[in-house]
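The values are calculated or read from the model by the stated rules, or taken from the named source; none is laboratory data. The model shown is predicted, which means the values in this text are computed figures rather than measured ones. Neighbour counts run over all protein chains shown; Cβ positions are idealised from the backbone, glycine included.
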Amino acid sequence: MNAPESRPAIADPVARARKSLARSIGLAAFVYGYPLTETYRTCALQTAPQAERRAGASHGSDVRAPLNTLHHAPRPSTDEDRDVVTPANDLLYTIAWVHLAAGPMLLTVPAATRHPGRYFVLPLYDAYTENFENLGPRNCNPEGETVVLVGPGGTVPEPLAGHRVVRCPTDLVWLIGRILVGDEGDWPAARALQSEIKLAPAPGTALHGRPGAVEHWAGPPVDAMAAAFEHGEPAAQVAPRFFTNMCRALAEAPGRVEDRGLVAWFGQAGLRPDAAFSWDALDEPVREGLVEGFAEGVQLVGAVGRNRRPRPWSMAPATGRYGSEFLGRARTAYLGLGALATSEAVYAAAHHDARQEPLDGQHRYTMRFEADDMPPADAFWSVTLYDSDRFLYPNALRRHAIGDRTPGLKRGADGSLELVLGHARPVDAANWLPAPAGRFYLILRMYHPREGVQSWRVPALQVEER
């Protein structure tokens, strides 16, 4: 990670003080605004005009479509899909970027009765990555229903008065529908449910173009702002783009009423909600301070959780709904954009083994679940392996995850399940989860977690051999 370029000290004491203020604001604004800019960046990437979507698609990425249009991914995510970090591998995704500034939209939730036993959920996220609603069999009509999505300033048309109404915190809403899917033979049945999800404008809603902060995104949307900086781009080049996009997005998505005092404080360094925000209009001491604060913010978000004593597993205490926990929200957006609320799913991450050493594919590991101590989930669970770049690892077996529905797993005589992880293929690969030759990490997902899940101890990875 490159530090900001050193500059001669500012002689004027007032200018030095203004730089210091801008530095503290820059750090806070990065932590607060990173999830917002990541949302708008991803929207810009996935709703680009068709030619741009085709040119920028990452090896056949299949989650890109115009605004206010559903796109059904025809297969589970693989190592070829690189739009969003840490994707799950046992789900079919249905994606839509919904813009409610022009009026309400209608979302059809499929009938669970036609697909008994099939887990699915239609999560809705606001522009700050808050998972404010999850629609599915647990809270919708088992025979299916149509839900009215209304923006913060919108009204419900009279003909729709009897429908369920979901009032959305921001006009820009991200739908990330999830449908449980097995091996390739199960894809048609999952796609049948997927095809029943519908999205259409409500009567009187005339669809407009993309939001201004999306249409006029500053810089290439292919790489995240923080990631570009981490990969060697100087902070002085990345910070202006980040703060420009943040201020433009703030103009369209003001955020919670409770946050407006904080956002007003950002204005002390010139960072105001403004669709026409210009970095060049700020004076040099303020720009220097903001660049330094941005660099510190990137380091802070990347380091959260790493300064404590390493643990074999870390279970996220809360995801999806953050309130004023801005640092946790930013960290979650950095590790895995679009996390579900803990009432729907609980996530645990492993970066270290039982010896508290970093996971490395040069070793062989085992992870053992006792028959009476499987992950406490009522829907399903899975362990997914990710390369150090936070994407799925390409391997000849084309296996990225193992869970309670993985076919062909071998259990012990006592009903226990032991997974084998490492780069070298074992003699018996039935329970093998292939890893790269270097660093990797794991995510355990538990859907419809049971009460007491936070106190459940995830089995640590034991080193077998090098």
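Some notes on this structure:
- Flag if Arg405 is within 11 Å of Phe369 (Cβ to Cβ) and either at pLDDT below 95 or surrounded by fewer than 14 Cβ atoms within 10 Å (Cβ to Cβ) (or both): no
- All positions within segment 381-398 that are modelled with pLDDT of 95 or more and closer than 26 Å to Ala413 by Cβ: Trp381, Ser382, Val383
- When Asp171 is tested against (1) closer than 30 Å to Arg399 by Cα; (2) buried (at least 18 other Cβ atoms within 10 Å of the Cβ), just one condition goes unmet, and that condition is (1).
- Restricting the first member to segment 403-427 and to residues that are free of Cβ contacts under 8 Å to residues at least 40 places away in the same chain and more than 23 Å from Asp378 (Cβ to Cβ), and the second to residues that are surrounded by 16 or more Cβ atoms within 10 Å (Cβ to Cβ) and among the polar types (S, T, N, Q), the beta-carbon pairs closer than 7 Å and six or more apart or on different chains are Lys410/Asn431.
- When the criteria are applied in full, Val420 meets the requirement of being among the aliphatic types (A, V, I, L, M), farther than 30 Å from Asn131 by Cβ and at pLDDT 95 or above.
- Sole residue being out of contact with any Cys (no Cβ under 7 Å at 6 or more places or on another chain), surrounded by 14 or more Cβ atoms within 10 Å (Cβ to Cβ) and farther than 29 Å from Leu135 by Cβ, chosen from Pro449, Pro375, Pro436: Pro436
- Gly336 small (Gly, Ala, Ser), surrounded by 15 or more Cβ atoms within 10 Å (Cβ to Cβ) and modelled with pLDDT under 95: yes
- Among residues of segment 176-192 that are in contact (Cβ under 8 Å) with a residue 60 or more places away in the chain and surrounded by 15 or more Cβ atoms within 10 Å (Cβ to Cβ), those with a Cβ under 6 angstrom from a residue that is assigned to a strand (DSSP E or B) and polar (S, T, N, Q), sequence gap 6+ or separate chain, pair up as Gly177/Thr94.
- Those strands (runs of 3 or more DSSP E) of segment 360-448 in which 3 or more residues are hydrophobic (A, V, I, L, M, F, W, C) occupy 377-387, 417-422.
- In the condition set (1) exposed (fewer than 13 other Cβ atoms within 10 Å of the Cβ); (2) of a type in the set (A, V, I, L, M, F, W, C); (3) closer than 23 Å to Gln454 by Cβ, Ala396 is compliant with all but (3).
- Verdict on His163 being crowded, with 21+ Cβ neighbours inside 10 Å and over 21 Å from Pro188 (Cα atoms): no
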